[in-house]
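One structure below.
The values are calculated or read from the model by the stated rules, or taken from the named source; none is laboratory data. The model shown is predicted, which means the values in this text are computed figures rather than measured ones. With ideal geometry, Cβ positions are generated from the backbone for all residues, glycine too; neighbour counts draw on all protein chains shown. These accessible areas exclude ligands, DNA and RNA; they are computed on the full protein's heavy atoms, side chains included. Shrake-Rupley method; radii C 1.70, N 1.55, O 1.52, S 1.80 Å.
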Amino acid sequence: PVHSPWHLRISATTAVAIRLTMAEANNEAKRAKNAEKYAGRGVSADKADVHAAIANLDKGLFPKAFCKVVPDYLSNSPEHCILMHADGAGTKSSLAFAYWRRTGDMSVWRGIAQDALVMNLDDLLCAGVCGQEPILLSSTIGRNKHLIPREVIAAIIGGTEQLLTELRSHGVNIISTGGETADVGDLVRTIIVDSTVVARAKRSDIIDNSRIAAGDVVVGLESSGQATYENEYNGGMGSNGLTAARHDVFCKAVGEEFPQSFDPSISQDLVYTGKLDLTSTVEVGNPWPATTAGKLVLSPTRTYAPIVAKILSEHREKVQGMIHCSGGGQTKILHFLNPGLSVVKDKLLPVPPLFRIIQEQGGTAWREMYQVFNMGHRLEIYTDAETAAKIVDISNSFNVKAQVIGHVEALDPAEASKVTVKSEYGEFVYTG
């Protein structure tokens, strides 16, 4: 039969709808597969169970601050407050163990020391604390003594002290108060490295993310490259998502050589499923030389402390909020954004080689990549357009590329907060 143009238009519309439905179904299947993979490895992309466990706890003096802030119980000053924070290198130390055993490269342990410190320090930065008053640091190491000798412990402790000296040269005052090294081979397969920091600050200096409002712009600070205070190329990894990254990137031979580096209860079809070896050569682009896959994934967590110290010394009153895009990646802001606000990230920095490798090796949906990893910038600063330009200049002076990567829009006041990521790999919407 002969069809009219109207019938043809209906057919075309129906075909588009069918393709969209199929694409949505495919994406949903990928999300389900990724969630199953995460769960099978004993981790999660959103830590929903953790957030549920702490949902009813007191949020402190500034509930939307990036770190919990409590009254100054030490001196009872009504003008001051206390911040205490604990974090660590996570399962990154498992990869460091394998790489060190294979290559003998002790520098990876200095990197683990940096990871354990920076995951605390840069969280404090986002609450407005950058060492203007001394930050106290305590380190905790739990090791399997049969596998981790004193030379490794010395490298971690020495690496911490070296980093503290470097930070003090940038006006970031952190004081080591010692810590604990425990031999816990019955509990720990290789080593776990954690830190706790305590800071006293003026309440008026706290950056409270509740101030983020429609009309603000978002400045993103690059996570990869080489800052003026770094000695080599940084892949941008941070210290979250390492369980997924390790198993997705590296090949079965790594697990066979280093069975201590993973939980034996994990199904073998989820263990080291990638194609790269620890010493596979990886290109990261000019002007940097090629590196190994192991070193790239082990890139120490970059601290933004020298940059933020300068930003806050000049523009503190103009900073509405700061977010450390660690666990949760580009959706981290959802934990701190007021209802009725939407963050649109539509001018993102390029995705570094590291994250493209992780995605290619694991076949992870791009939506999940942006939900797990920082994907190019690990620090966000919310401010006005004029101040944003000055912040970009300060960051660039440290050779850390920065740019306005998005903005904040108003929704219906009763509507849940939302983040929209408009990337080179698709547009993804996440709700709080």
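One decimal place: the segment Glu360-Trp288 gains 23.7 nm when fully extended, by the rule 0.36 nm per residue minus the C-alpha distance. Using only the C-alpha atoms, the convex hull of the chain corresponds to 179 Å³ per residue.
Which of the lysines could a cross-linker span from Lys275 if the Cα-Cα distance has to be under 29 Å and same-chain partners fewer than 8 positions apart are dropped? The qualifying lysines are Lys30, Lys33, Lys37, Lys47, Lys92, Lys252, Lys295. Exposure here means at most 11 other Cβ atoms within 10 Å; with GluC sites (Glu not before Pro) in a DSSP loop as sites, the longest stretch of the chain lacking them is 80-282. Test of understanding: given the chain, find the longest segment containing no trypsin sites (Lys or Arg not before Pro) that are in a DSSP loop and have at most 15 other Cβ atoms within 10 Å. The longest such stretch corresponds to 146-274. Of all beta bridges that DSSP places with both ends in the range 264-420, some 75 percent have antiparallel geometry. As a length-normalised measure over Cα pairs under 8 Å and 6 or more apart, the relative contact order of the chain settles at 20 percent. Kirkwood analysis of the range 348-432, using all unique Cα-Cα pairs, places the hydrodynamic radius at 14.8 Å. Restricting the calculation to Cα atoms, every distinct pair contributes to the Kirkwood radius of the range 185-240, found to be 16.6 Å. Accessible surface of Leu276, taken over heavy atoms with a 1.4 Å probe and every protein chain present, rounds to 40 Å². What the range 274-432 shows is 37 Å² of accessible area per residue, with the surface traced by a 1.4 Å probe over protein heavy atoms.
Extension gain for Glu232 to Ala253 (0.36 nm times residue separation, less C-alpha to C-alpha distance): 4.8 nm. Surface composition of the chain: carbon plus sulfur atoms contribute 55% of the solvent-accessible area (1.4 Å probe, protein chains only, all chains present).
A Gaussian network model of the chain, with springs between Cα atoms under 10 Å, assigns the largest mean-square fluctuation among Trp288, Trp100, Trp109 to Trp288.
The alpha carbon gyration tensor of the range 31-166 gives principal lengths a ≥ b ≥ c with a/c of 1.5 or higher and a/b no greater than b/c, which makes the shape oblate. Of interest is the spacing of the C-alpha centroids, which for the range 192-218 and the range 335-385 amounts to 20 Å.
Projecting label points 7 angstrom from Cα along Cα→Cβ for Glu409 and Asp49 puts them 3.7 nm apart. Computed from the alpha carbon positions, the gyration tensor of the range 245-371 leads to an equivalent ellipsoid with semi-axes of 33, 19, 15 Å, biggest first. In the frame of its principal axes, the range 103-181 has Cα extents of 41, 22, 19 Å, reported largest first. In the context of the full protein assembly, Ser239 retains an accessible surface of approximately 20 Å², using a probe radius of 1.4 Å and ignoring ligands and nucleic acids. Shown here: the range 119-272, whose C-alpha atoms stretch 52, 39, 30 Å along the first, second and third principal axes, sorted largest to smallest.
Straight-line cross-link partners of Lys347 among the lysines, defined as a Cα under 25 Å from its Cα and at least 8 positions apart when in the same chain: Lys310, Lys318, Lys332, Lys390, Lys401, Lys418, Lys422. Which helices, counted as full DSSP H runs in the chain, have an axial Cα extent of no less than 30 Å and a Kyte-Doolittle average of 1.0 or above? What comes out of the filter, once short or polar helices are dropped, is none.
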